[in-house]
Amino acid sequence: MVNKAILIGRLGADPEVRYTQDGAMVTNFRLATNEQWTDRSGEKMQRTEWHRIVVFGKLAEICGNYLSKGRLVYIDGRIQTRSWDDRDGNKRYTTEIIATNMQILEPKGQEVDQFGESSNKFSSYEGSEMTEDDVPF
């Protein structure tokens, strides 16, 4: 069986870094992916899907240190749905991507148009194999 998610999108906000009770770093962020098409009248249309991304360990540290709102990144990982009971006793669910790899696809501050297109693409870097000495900025 296969459980694999591959996404390229932009961060909707700066990553949130926290720690588990045993001290492990966890980084969370929202990633927007866009679907674009032209409608019958020739007008360019766009739909955005938001994904919750969760990252653990060394990759969580890299994401927390080097990602920020608006950055274009490649993420791959697995899809996980979890549930909990809220304060009122209602069952709540969320679906997340547990990231195992991250690549930064453009330099910080790269300008994009309204459809998320950038004129200059940047070399990508494998987040799961990076050390701090490998980060180019």
Could you pull out the trypsin sites (Lys or Arg not before Pro) across the stretch 3-83 that fall in loop regions by DSSP (anything but H, G, I, E, B) with no more than 10 other Cβ atoms inside 10 Å? Lys4, Arg40
Vicinal HN-Hα couplings computed from phi for the stretch 20-29 (Karplus, 6.51 cos²θ - 1.76 cosθ + 1.60; Hz; Gly/Pro x): 6, 4, 8, x, 6, 7, 10, 10, 10, 7
Going by amide H atoms built from the backbone, whose H comes under 5 Å of the H on Gly70, apart from near neighbours? Leu11, Gly12, Ala13
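The numbers here are math on the coordinates, done by the rules we state, and not lab data. Everything quoted here is computed from the prediction, not taken from an experiment. As a convention, Cβ positions derive from the backbone with ideal geometry for all residues, glycine included, and neighbour counts pool all protein chains shown.
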